Amino acid sequence: MAAADLDALVALMPLAAHLGLVLDEASADRVVARLEWAPHLCTAAGIMHGGALMSLADTAGGLLAFLGLPEGATTSTITSTTQMFRPVTEGAVRAVATALHRGRTTVTAQSDLWDSAGRLVARTTQVQAIRNTRSLRAEKRVVVFAARIAGKG
């Protein structure tokens, strides 16, 4: 995928763009993303915040799931488990996301996070729900119906 296409994917994810995430590679088989250490992403001790690391992993895994979806489907994280192995105090963290399972209703992705010395920092396993447009239309009808019942529609 061309660099402009990778930048366009990041632009579709406002939080990823806000954090400064950079995509190096993106396909339905593998996503590689990077996040540079920065003071605003750290705890008081200068250690990259676990939430920043989990955001990197969730973004990489979610994008991996999204890129493998059928036309018109969307995805959303339904579970995410992260094990932290070491702190990050400098350099970049690189996430490599791969699919462990692709099913009809879910995708299970694993994102390994590596520091600039090539050491494993964290591992995230997440399950992404596959939502088709038909079910989204049904959800919208429920919301509209609920609003009418509440006298707001």
Looking only at region 72-88, decide whether some residue is in contact (Cβ under 8 Å) with a residue 60 or more places away in the chain, more than 16 Å from residue 32 (Cβ to Cβ), in a loop (DSSP other than H, G, I, E, B) and not hydrophobic (A, V, I, L, M, F, W, C).
yes
Which residues, taken from region 91-102, are touching a residue at least 12 places away in the same chain (Cβ under 8 Å) and at negative phi?
92, 93, 94, 95, 96, 97, 98, 99, 100, 102
Could you run through region 69-92 and say how many residues are modelled with pLDDT of 95 or more and touching a Lys or Arg at 6+ places or on another chain (Cβ under 8 Å)?
5
Matching entry among 105, 59, 74 (being more than 18 Å from residue 10 (Cα to Cα) and among the polar types (S, T, N, Q)):
105
Near pairs, Cβ below 7 angstrom, 6+ apart or cross-chain, from region 42-71 (within 18 Å of residue 116 (Cβ to Cβ) and without any contact (Cβ under 8 Å) to a residue 40 or more places away in the chain) to any residue that is part of a strand (DSSP E or B) and not aliphatic (A, V, I, L, M)
49/42
Where residues in region 78-103 are over 21 Å from residue 27 (Cβ atoms) and among the charged types (D, E, K, R), which of them is surrounded by the fewest Cβ atoms within 10 Å (Cβ to Cβ)?
90
Selection within region 25-49 - under 26 Å from residue 109 (Cα atoms), of a type in the set (Gly, Ala, Ser) and either over 18 Å from the mean Cα position of the chain (by Cα) or surrounded by 14 or more Cβ atoms within 10 Å (Cβ to Cβ) (or both):
26, 28, 33
Looking at residue 58, is it among the charged types (D, E, K, R) and either assigned to a loop (DSSP other than H, G, I, E, B) or surrounded by fewer than 20 Cβ atoms within 10 Å (Cβ to Cβ) (or both)?
no
Quick check: anything in region 124-140 among the aliphatic types (A, V, I, L, M), modelled with pLDDT of 95 or more and closer than 30 Å to residue 39 by Cβ?
no
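Does residue 49 count as under 20 Å from residue 121 (Cβ atoms), in contact with a Ser or Thr (Cβ under 7 Å, 6 or more places away or on another chain), of a type outside the set (Gly, Ala, Ser) and at pLDDT 95 or above? Full working, then the answer.
Working: under 20 Å from residue 121 (Cβ atoms): yes; in contact with a Ser or Thr (Cβ under 7 Å, 6 or more places away or on another chain): yes; of a type outside the set (Gly, Ala, Ser): yes; at pLDDT 95 or above: yes.
For residue 49, the condition - under 20 Å from residue 121 (Cβ atoms), in contact with a Ser or Thr (Cβ under 7 Å, 6 or more places away or on another chain), of a type outside the set (Gly, Ala, Ser) and at pLDDT 95 or above - is met.
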Quick one: is residue 13 farther than 15 Å from residue 93 by Cα, surrounded by 14 or more Cβ atoms within 10 Å (Cβ to Cβ) and without any contact (Cβ under 8 Å) to a residue 60 or more places away in the chain?
yes
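Which residues, counting only those in region 107-128, are surrounded by fewer than 16 Cβ atoms within 10 Å (Cβ to Cβ) and either in a strand (DSSP E or B) or of a type in the set (A, V, I, L, M, F, W, C) (or both)?
Of the residues in region 107-128, the ones surrounded by fewer than 16 Cβ atoms within 10 Å (Cβ to Cβ) are 116-120, 123.
The answer is 117, 120, 123.
The values are calculated or read from the model by the stated rules, or taken from the named source; none is laboratory data. The shown structure was predicted, so the numbers you read here are calculated from the model rather than taken from an experiment. Every residue, glycine among them, receives a Cβ derived from its backbone with ideal geometry; neighbour counts consider all protein chains shown.
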